[in-house]
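The values are calculated or read from the model by the stated rules, or taken from the named source; none is laboratory data. Here the structure is a predicted model, which is why all the values come from computation and not from measurement. All Cβ positions, even for glycine, are placed from backbone atoms using ideal geometry, and neighbour counts span all protein chains on display. These area figures cover heavy atoms from the full protein model, side chains too; ligands, DNA and RNA do not enter into them. Shrake-Rupley method; radii C 1.70, N 1.55, O 1.52, S 1.80 Å.
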Amino acid sequence: MKIHVVGGDARFVRLSEQLSEYGESEKEAYIFGSARALCEGVNQVPADALVMAFSTEKICVGRKIVNLLEDEEFLRENAQLTAEGAIVCAANFMKVALRGSKCLVVGFGRIGQELTDLLVGMRAKPVVYARREESRRRAMQRGAIATESLEDGISGAKAVFSTPPEMVLSENILTCAAKDAVILDLASAPFGVDLEAAQRLGLSAWIESGVPGRYCPESAAFVLESAVKRIIDREGSNFT
């Protein structure tokens, strides 16, 4: 199968270099690296081609599209890369070492769990904010402190990692943050940190999206390649 990669960040450039063909089918597969690339290019794709997209936005273009972000194994491996890249980014801007520092992890989904494991392993002091009691219990089992209070969690934290795609770190919460805190929003739109409020408060906060594609594009491309091959193997010839 001839594979075409359209759009996307550095990981998709590497993917294109690594994966031009796969399998025995004579049909074609198209991988769109963003919702914009999909909307602009899908009408030029042959009707019998397998189309894959990489987008957090709802995909609706009148034909069958396989969303890479619905592949559970890919999401798990991508979360691992995101967590590692986020910690590298935070460490580059912190004035103290992560070891021994209080770090707030907001949310305990895939990325939150990976962040917690890495921070525990680095002997930081991760505090996990999660709404569900079960998530807080699992965070403590992993060696973190769990809290129901964002105000308490952010107070004194040197690094803050926000993962839910909803506004959780509002101005009221950010007023409790340390002035030297590094605050990373790892969520997809509509994001989770009030950046305007952070700026008014003199805090260092920004959106860190697409972390794997920027911090470890080769590893990210390998994870993508594995997901693409799984999808082709699964879909077989029944994708018209």
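Write down the Kirkwood hydrodynamic radius of the chain, to one decimal in angstroms, obtained as one divided by the mean of 1/r over all alpha carbon pairs.
19.1 Å
Give me the percent relative contact order of the stretch 8-142, please, defined on Cα pairs under 8 angstrom at least 6 residues apart.
Normalised by residue count, the contact order of the stretch 8-142 is 15 percent.
Out of T56, C89, C216, whose Cα points farthest toward the positive end of the dipole of the chain (charges: +1 Lys, Arg; -1 Asp, Glu; placed on Cβ)?
About the Cα centre, the residue reaching furthest to the positive side is C89.
Under 8 Å for C-alpha pairs, at least 6 residues apart: give me the relative contact order for the chain, rounded to a whole percent.
For the chain, the relative contact order is 19 percent.
Roughly what % of Cα-Cα distances in the stretch 101-240 sit above 21 Å, to the whole percent?
47 percent
Give me the accessible area per residue for the stretch 84-240, probe 1.4 Å, as a whole number in Å².
About 48 Å² of surface per residue is accessible.
Once you charge only the Cβ atoms, +1 for Lys and Arg and -1 for Asp and Glu, what is the size of the charge dipole of the chain about its Cα centre, to the nearest 20 debye?
Computed about the Cα centre, the dipole is about 780 debye.
I'd like the FRET efficiency for N92 and A47, computed as 1/(1 + (r/R0)^6) with the beta carbon distance as r and R0 of 41 Å, rounded to 0.05.
Rounded to the nearest 0.05, the efficiency is 0.30.
Would you compute, from DSSP H runs of 4+ residues alone, the mean residue ellipticity of the chain at 222 nm, taking -39500 (n - 2.57) per run and dividing by the full residue count, rounded to the nearest 500?
On the way: 10 runs with 98 residues, N = 240.
For the chain, the value works out to -12000 deg cm²/dmol.
Can you work out the FRET efficiency for the pair E196 and Q141, with r the C-beta to C-beta distance and R0 = 41 Å, to the nearest 0.05?
Working: r = 37 Å, r/R0 = 0.90.
The calculated FRET efficiency here is 0.65.
Quick check: at a probe of 1.4 Å, how many percent of the accessible area of the chain sits on carbon and sulfur atoms?
Details: 5560 of 11920 Å².
Its accessible area is 47 percent carbon and sulfur atoms.
Modelling each spin label as a point 7 Å along the Cα-to-Cβ direction, I'd like the R99/L69 distance in nm, to one decimal.
3.7 nm
What's the angle, to the nearest 10 degrees (0 to 90), between helix 110-121's Cα axis and the longest principal axis of the chain?
Approximately 50 degrees, to the nearest ten.
Let me know the number of lysine pairs in the chain closer than 23 Å at the Cα, not counting same-chain pairs under 8 apart.
Lysine pairs, 8 or more places apart or on different chains, close enough: 16.
Considering only V193, V168, A181, whose Cα is most displaced toward the positive end of the charge dipole of the stretch 158-201, charges sitting on Cβ of Lys, Arg (+1) and Asp, Glu (-1)?
A181
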